[in-house]
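The values are calculated or read from the model by the stated rules, or taken from the named source; none is laboratory data. In this text the structure is predicted, and so the values were computed from the model without any measurement. FYI the Cβ positions are ideal-geometry reconstructions off the backbone, even for glycines, and counts take in every protein chain you see.
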Amino acid sequence: MRTITLHDTRTGQVRPLEPHDPGQLGLYVCGPTVYGRIHVGNARPFVVFSLLNRFLVHEGYRTRFVTNITDVNDKIYAAAGQRPGGSQRLAQEMTAAYVADTDRLGLGRPDDEPRASEYIGVIIELIERLVERGHAYPVSGDVYFQVREYPQYGEISHRDVNQMDQGEGVEGAELKRDPLDFALWKAHKPAEDTWWDSPWGPGRPGWHIECSAMAEALLGLEFDIHGGGSDLVFPHHENEAAQTFAGRGRPLARLWVHNGMVRLQEAKMAKSEGNIFLLHEALDRWGRDPLIMYFVSGHYRQPVDFDEERMEQAAASVRRIREAARRLTPDSSPAWSAPLREAFFDALANDFNTPRALATAFEWVSQANRSSEPVGGRDLREMLGVLALENLLEAEQVTVPAPARELAARRADARAAGDWAQADRIREELRSQGWEVRDGPGGPELLPLT
Ligand SMILES: [Zn+2]
């Protein structure tokens with residue numbers, strides 16, 4: 001087995017993955033709070049950790065990959081407002097939308113997708129333990145974690161305790177012993193339409209404790225990889241780590257791995273495209289292959305811009321592989337392939353460097369393109385499979401529907417008449433129907449927008 005390393009936020013180092021149970025790995029990744037449709041930024045951790053999980057399975061590990069769904073949260077109460085069916089219906093609808101949107105990425109589903117509302121019992125048990133051990137205190141139906149009584153606080157985010165803000169605003173401020181304390185349980189408020197009984201009265205859990213309890217329930221303590229977006233390092237993951245260690249005397253996770261943010265570049269998007277930052281809109285506009293290509297083109301830890309230009313580059317990369325695929329045969333691999341295959345998987349083993357791996361895959365494609373003979377594509381298929389892009393090697397059976405063919409003919413007429421504006425308008429119309437016109441030497445050709 002290759003040594004696999006990942007950057008660990010807690011120690012600030014790239015560290016070897018040393019499974020707690022040999023041959024097995026537990027991964028927990030913080031998923032969405034379901035109060036609206038998810039955007040492209042929310043999709044990044046789903047893509048990064050789904051692909052990391054694929055790679056770990058490829059390397060021979062048995063994995064259990066858990067991504068939670070936060071369906072009890074202030075944001076959901078606020079978004080539901082007076083809607084019929086209230087916060088529960090909104091959370092159910094948005095959970096279904098999240099599953100449908102992420103299904104379209106074609107990455108499969110995590111092994112478990114626990115919902116906070118189904119784990120209230122284990123959440124209460126963990127809070128009780130924290131109260132018993134003197135790390136938390138109930139007051140007026142709320143329960144708060146005492147941050148200053150926990151000396152390791154700050155070990156994940158490396159912030160100075162005195163510079164921290166839990167982001168809870170004025171809520172509960174008069175009840176906290178210290179402004180730094182954060183809520184584990186919140187007493188029921190009249191405006192909230194869901195609540196559960198607890199030893200402290202009716203109420204509902206705080207956000208951070210949900211993850212500590214669900215992760216432990218499904219993966220046990222000291223599981224291997226805890227992941228999420230870098231916006232969760234503080235306070236969410238700092239608090240998860242503190243709650244579990246304070247309550248159990250053992251760490252929650254061994255490696256804390258964070259992906260960089262997606263910067264949604266509004267100014268660099270065509271205005272007519274609607275809210276292209278929502279994942280389902282982006283999938284309608286570009287298709288899943290360019291989106292996956294876009295995500296693997298950047299290193300998971302780096303922030304990345306999401307704009308028209310980058311998506312065009314990703315679509316071009318997809319086309320490059322599709323074009324090369326026409327010359328490949330399914331069996332075997334040429335002799336020059338083995339070192340490239342090794343370099344590809346080594347790049348992934350080294351802090352999951354997908355851009356370096358991808359560069360190796362393109363080197364492979366260039367080699368194949370230089371060959372005058374058909375080339376066996378088995379290695380390339382294996383490489384692309386780990387990036388969930390093996391479908392680019394499938395032969396395409398494209399049938400252009402009649403309305404698109406008609407439009408293409410009208411565009412050819414417009415061009416012949418020198419009406420370039422009209423030809424451009426028709427090109428755009430074809431794009432909106434999912435077709436790209438390419439004016440090749442043999443006349444115009446319609447290619448599906450991938
Ligand atoms: Zn979480």
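Output the qualifying pairs, or none if there are none: Cβ atoms under 8 angstrom, residues six or more apart or on different chains, first residue in the range 18-47 and without any contact (Cβ under 8 Å) to a residue 60 or more places away in the chain and under 21 Å from Gly206 (Cβ atoms), second residue within 16 Å of the ligand (Cβ to nearest atom) and not small (Gly, Ala, Ser).
That search, which allows pairs on different chains as well, returns Tyr35/Asn73; Tyr35/Lys75; Tyr35/Ile76.
Is it the case that Arg250 is over 25 Å from Arg320 (Cβ atoms) and away from the ligand (no atom under 16 Å from the Cβ)?
For Arg250, the condition - over 25 Å from Arg320 (Cβ atoms) and away from the ligand (no atom under 16 Å from the Cβ) - is met.
Give all pairs with beta carbons closer than 9 Å in which a residue from the range 207-227 that is without any contact (Cβ under 8 Å) to a residue 40 or more places away in the chain and over 19 Å from Ala183 (Cβ atoms) meets a residue that is within 13 Å of the ligand (Cβ to nearest atom) and in a loop (DSSP other than H, G, I, E, B); count only pairs at least 6 apart in sequence or on separate chains.
Once the first residue is without any contact (Cβ under 8 Å) to a residue 40 or more places away in the chain and over 19 Å from Ala183 (Cβ atoms) and sits in the range 207-227, its partners that are within 13 Å of the ligand (Cβ to nearest atom) and in a loop (DSSP other than H, G, I, E, B) give Leu221/Leu252.
For the range 333-342, check the following and say yes or no: at least one residue is part of a helix (DSSP H, G or I) and at pLDDT below 95.
So the first thing to find is which residues in the range 333-342 are part of a helix (DSSP H, G or I), and the list is 337-342.
Those still in the list that are at pLDDT below 95 too: none.
Checked against the condition, which is being part of a helix (DSSP H, G or I) and at pLDDT below 95, the range 333-342 yields no hits at all.
Kindly provide the set of residues from the range 338-367 that are surrounded by fewer than 22 Cβ atoms within 10 Å (Cβ to Cβ) and of a type in the set (Phe, Trp, Tyr), ordered by number.
Phe345, Phe362
Identify the residue in the range 193-237 that is of a type in the set (Asp, Glu) and crowded, with 19+ Cβ neighbours inside 10 Å and, among all such residues, is farthest from the ligand (Cβ to nearest atom).
The residue in question is Asp224.
Please find, among Leu328, Leu264, the residue that is at pLDDT 90 or above and touching a strand residue (DSSP E or B) at 6+ places or on another chain (Cβ under 7 Å).
Every option except Leu328 fails the conditions.
Of everything in the range 51-92 that's within 16 Å of the ligand (Cβ to nearest atom) and among the polar types (S, T, N, Q), which residue is farthest from Gly298 (Cα to Cα)?
Residue satisfying both the conditions and the ranking: Asn73.
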